[in-house]
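Comments concern the structure below.
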Amino acid sequence: SPTSPNQLRDNVKLSHYFPDHREAATTLRVKDLEHELRRHPRRPLMMNVPAMQLDFDLFPVGEEFAVLSRNLSASGIAIVHTQSLVGKIAVLIELPEIGQVQLLLRIVRCKKVGQLYEMGGAFFDRR
């Protein structure tokens, strides 16, 4: 049986980063989102979005926080926050006709806009 934290991490599979929303949320694969958004490469999506910073192994780091989404495409999402974010993040968004969806993203760009930061996140599948 595993005894060290690293051994425990190797044996744990996280299924949901937002336990408060577990009942309502589903997890989409990137391929599902590509099909859903195929006709509209970029859609405006202005809403507060729960987010969770992830470590290298995709485990949550710190507390849940909120970002503001700007737009969504099949390959990523633009978000705005008061701080510059880096690395990997889990977000929980509400998609029409689908409901709440948990998505994993890697921050690929960050630009300071006034007192805020606009970031681009590329979606990826947990493997």
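The values are calculated or read from the model by the stated rules, or taken from the named source; none is laboratory data. Please read these numbers as outputs of a predicted model, since none were measured by experiment. Cβ coordinates were reconstructed from backbone atoms using ideal geometry, including for glycine residues, and neighbour counts include every protein chain displayed. Quick note on the areas: whole protein, heavy atoms, side chains included, nothing else; ligands and nucleic acids left out. Shrake-Rupley method; radii C 1.70, N 1.55, O 1.52, S 1.80 Å.
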Within the set of pairs 6+ apart or on separate chains, which have a first residue in the stretch 83-101 that is under 15 Å from ALA122 (Cα atoms), a second that is crowded, with 17+ Cβ neighbours inside 10 Å and of a type in the set (Phe, Trp, Tyr), and C-beta atoms under 6 Å apart?
ALA90/TYR17; LEU92/PHE18
For the stretch 53-106, how many residues meet the condition of being within 12 Å of the chain's Cα centre (by Cα) and among the basic types (Lys, Arg)?
2
Please go through the stretch 40-59 and pick out each residue that is surrounded by fewer than 16 Cβ atoms within 10 Å (Cβ to Cβ) and part of a strand (DSSP E or B).
ARG42, ARG43, PRO44, MET46, MET47, ASN48
Quick test of your reading of the structure: GLU94 fulfils all but one of (1) among the acidic types (Asp, Glu); (2) out of contact with any helix residue (DSSP H, G or I) (no Cβ under 9 Å at 6 or more places or on another chain); (3) farther than 10 Å from VAL49 by Cα. Name the failing condition by number.
(3)
With the structure loaded, tell me whether GLN102 is part of a strand (DSSP E or B) and either of a type in the set (S, T, N, Q) or open to solvent by 60 Å² or more (accessible area, probe 1.4 Å) (or both) or whether it fails that test.
yes
Quick check on the stretch 64-73. Is at least one of its residues of a type in the set (Asp, Glu), exposed (fewer than 14 other Cβ atoms within 10 Å of the Cβ) and modelled with pLDDT of 55 or more?
no
